[in-house]
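Each remark here refers to the structure printed beneath this line.
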């Protein structure tokens with residue numbers, strides 16, 4: 001009975017802490033490899049994100065994508081077992097981990113499957129490969145775009161997803177969480193009252209249209 005209770009506690013602890021494994025590893029790698037802040041975090045959410053208890057997307061470290069079909073495994077051991085089984089069947093098109101590195105396209109990326117599913121090593125390889133493309137293309141946008149796909153329509157649509165998520169990550173970092181039905185503020189945001197301040201405009205006032213500023217778009221994926 002005690003063993004069952006301990007197992008249940010360990011399972012729930014793993015489920016709640018798993019997203020932090022990706023986030024903490026990615027933050028460390030971004031600093032070490034001089035990657036634009038929160039970019040890899042945004043990419044990881046697009047690549048391996050799943051809803052948390054608070055209905056916020058967060059990266060899952062034991063995510064697999066097998067021939068285009070995503071899988072979320074509850075533990076690292078379960079994910080490793082699944083990958084080994086797939087590879088024994090000759091299946092190589094497998095994306096793994098926080099950053100969804102493809103084992104078929106990057107066969108020499110990791111010494112073993114255990115390292116491939118380690119959040120830090122998974123993120124580190126992703127960052128180094130991204131920087132290699134940056135050196136080649138001399139452009140973050142082109143580098144990350146070509147990492148996803150050499151086919152323009154594919155990397156353009158994906159780039160939009162990543163750029164949108166990057167903005168979301170910046171808002172979350174400031175304490176503002178965007179939900180499907182609106183905006184909610186976390187406890188870390190100390191100036192909620194500012195959002196309720198609406199200056200009274202003259203009756204003849206017409207709100208001008210606002211055009212989006214030109215920005216760099218970023219992208220990262222597995223193909």
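The values are calculated or read from the model by the stated rules, or taken from the named source; none is laboratory data. If you're wondering where the values come from, they're calculated on a predicted model, not measured in any experiment. Heads up, the Cβs are rebuilt from the backbone with ideal geometry, glycines too, and the neighbour counts pull from every protein chain shown.
Scanning the stretch 9-22 for residues that are at pLDDT 95 or above and surrounded by 15 or more Cβ atoms within 10 Å (Cβ to Cβ) turns up at least one hit.
When you check residue 59 against the structure, is it within 21 Å of residue 17 (Cα to Cα), in contact with a strand residue (DSSP E or B) (Cβ under 7 Å, 6 or more places away or on another chain) and at pLDDT below 95, yes or no? The answer is no for residue 59. Give 219, 130 a once-over and let me know the one that is surrounded by 15 or more Cβ atoms within 10 Å (Cβ to Cβ), modelled with pLDDT of 80 or more and within 21 Å of the chain's Cα centre (by Cα). Only one candidate passes the filter, namely 130. Residues in the stretch 105-128 that are in a helix (DSSP H, G or I) and touching a residue at least 24 places away in the same chain (Cβ under 8 Å): 113, 114, 116, 119, 120, 122, 123, 124, 125, 126, 127, 128. Checked against (1) within 21 Å of residue 82 (Cβ to Cβ); (2) modelled with pLDDT under 95; (3) assigned to a helix (DSSP H, G or I), residue 43 passes all but a single condition, namely (1). Per the conditions (1) surrounded by fewer than 17 Cβ atoms within 10 Å (Cβ to Cβ); (2) at positive phi, the sole criterion not satisfied by residue 105 is (2). Looking at the stretch 23-56 only, could you name the residues that are touching a residue at least 40 places away in the same chain (Cβ under 8 Å), surrounded by 15 or more Cβ atoms within 10 Å (Cβ to Cβ), in contact with a strand residue (DSSP E or B) (Cβ under 9 Å, 6 or more places away or on another chain) and over 13 Å from residue 162 (Cα atoms)? Correct list: 26, 56. Scanning the stretch 64-96 for residues being touching a helix residue (DSSP H, G or I) at 6+ places or on another chain (Cβ under 8 Å) and part of a loop (DSSP other than H, G, I, E, B) gives a total of 3. Test residue 99 against the stated conditions and say whether it is surrounded by 13 or more Cβ atoms within 10 Å (Cβ to Cβ) and in a loop (DSSP other than H, G, I, E, B). Answer is yes for this residue.
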